[in-house]
Amino acid sequence: MTPVCALFQVSLSQLINLQKPIPLAVLLFLLAFSIFSWSLVFAKWSMLKKARAANVHFLRAFRKAQGLDALALASEQFKESPLANVFGFGYEEVERQVRTAGQLRNKTAIERMLQLGISQETGRLENRMNWLATTATVCPFVGLFGTVWGIIEAFNALSFSGAASLRAVGPGIADALVATAMGLGAAIPAAIFYNHFGHVIKEIGVRMDEFALEFMNLTERTFEE
């Protein structure tokens with residue numbers, strides 16, 4: 001049997017060796033974070049894709065609308081759209097002012113409600129993004145801990161065996177390599193998708209700011225004519 005094959009067999013045995021709780025705990029920790037981060041990636045990818053598509057359709061409806069009341073009814077079809085939710089905040093304040101005074105009395109209040117809607121939607125889009133950042137930051141260090149622990153075990157085995165053989169140092173080195181690989185395997189995708197999703201959320205945030213200006217323009221034209 002070649003040394004490489006022997007080392008591979010040792011690594012597999014160490015993965016299921018319950019007599020070594022610390023290496024096992026490191027691997028289970030990294031595996032749990034990897035699974036959770038990938039589930040979060042798929043969920044966030046789907047949510048952002050739906051949000052961008054819904055924004056396009058809602059903005060098209062907004063620009064074709066004859067009035068805010070008709071658009072308020074149509075906005076129920078675009079619940080996935082951050083723009084539609086921001087519209088709901090602004091429309092609620094406009095409707096309240098018109099109902100009580102028959103006209104717009106406080107444009108600043110409308111702008112504040114729009115900003116509140118933008119802030120809420122941004123928070124919704126960013127929900128649980130911190131877990132991706134945590135995975136990208138923590139997992140390499142956890143893998144490094146597993147690497148150091150494996151090297152310590154390798155040297156301990158070497159000191160007891162009295163001979164520098166693959167059989168003596170193989171288990172510790174295998175633990176170290178597996179921990180390193182799993183740490184990087186969990187951290188790298190999390191970092192990539194964290195940056196990608198951050199860019200998409202920033203882009204949607206810019207669209208919401210622009211929509212707030214369009215909403216104020218439409219509101220002023222509607223109630224000042």
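Approximating the spin labels as points 7 Å out from Cα along Cα→Cβ, the E92-to-E214 distance works out to 2.2 nm. Listed by chain and number, the lysines whose C-alpha is less than 23 Å from the C-alpha of K49, apart from same-chain residues fewer than 8 away, are K79, K202.
Shown here for the range 93-126: GluC sites (Glu not before Pro) in loop regions (DSSP other than H, G, I, E, B) with at most 14 other Cβ atoms within 10 Å, namely E126.
Rule-based calculations on the coordinates, nothing more; no lab input. Quick caveat, the model's predicted, so the values are computed rather than measured. All Cβ positions, glycine included, derive from the backbone under ideal geometry; neighbour counts span all protein chains shown.
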